[in-house]
Amino acid sequence: MNITVRYFASMRDRMGKADESVSIDADAVTVADVWAAVADGQPMADSTLIAINMEYTNADATLKEGDELAFFPPVTGG
């Protein structure tokens, strides 16, 4: 399965890149599985925002071939 993974704001700095193409040899894969494959042992913060194909979701969501997965740091402001 091939997907595109994008990192935004401080997540881009943390990962050292803005995006990457990821190939995972599985028929069903979750966001958490992809994170484990790309994060080099770094835990995903509970407050990480996740989107698949521009729709917010959670780490248990299942990906399909060709999906775009995006990770965002939590947003704060006032």
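The values are calculated or read from the model by the stated rules, or taken from the named source; none is laboratory data. What you are looking at is a predicted structure, and each value in this text was computed from that prediction instead of being measured. Every residue, glycine as well, gets a Cβ built from its backbone with ideal geometry; the counts of neighbours run over all protein chains shown. The area values use the complete protein model at the heavy-atom level, side chains included, leaving out ligands, DNA and RNA. Shrake-Rupley method; radii C 1.70, N 1.55, O 1.52, S 1.80 Å.
Numbers below:
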item: Cross-chain or 6+ apart pairs with Cβ under 6 Å, segment 39-61 first and farther than 16 Å from residue 75 by Cα, then surrounded by 11 or more Cβ atoms within 10 Å (Cβ to Cβ) and of a type in the set (S, T, N, Q); result: 60/30
item: Failed condition for residue 62, given (1) in contact with a strand residue (DSSP E or B) (Cβ under 6 Å, 6 or more places away or on another chain); (2) buried (at least 16 other Cβ atoms within 10 Å of the Cβ); result: (2)
item: Check on residue 51, within 11 Å of the chain's Cα centre (by Cα), in a helix (DSSP H, G or I) and surrounded by 11 or more Cβ atoms within 10 Å (Cβ to Cβ); result: no
item: Residue 36 surrounded by 13 or more Cβ atoms within 10 Å (Cβ to Cβ) and modelled with pLDDT of 95 or more; result: no
item: Scan of segment 38-78 for residues that are of a type in the set (A, V, I, L, M, F, W, C) and over 16 Å from residue 12 (Cα atoms), ordered by number; result: 52, 54, 59, 61, 63
item: Criterion violated by residue 45 - all others in (1) among the small types (Gly, Ala, Ser); (2) over 10 Å from the mean Cα position of the chain (by Cα); (3) at pLDDT 95 or above satisfied; result: (3)
item: Checklist (1) at pLDDT below 95; (2) loosely packed, with under 15 Cβ neighbours inside 10 Å applied to residue 73, failing item; result: (2)
item: Residue identified as in a strand (DSSP E or B) and aliphatic (A, V, I, L, M) among 34, 22; result: 22
item: Pair list, Cβ < 8 Å and 6+ apart or interchain, from segment 10-37 residues that are closer than 14 Å to residue 62 by Cα and among the hydroxyl-bearing types (Ser, Thr, Tyr) to residues that are modelled with pLDDT of 90 or more and open to solvent by less than 80 Å² (accessible area, probe 1.4 Å); result: 30/59; 30/61; 30/63
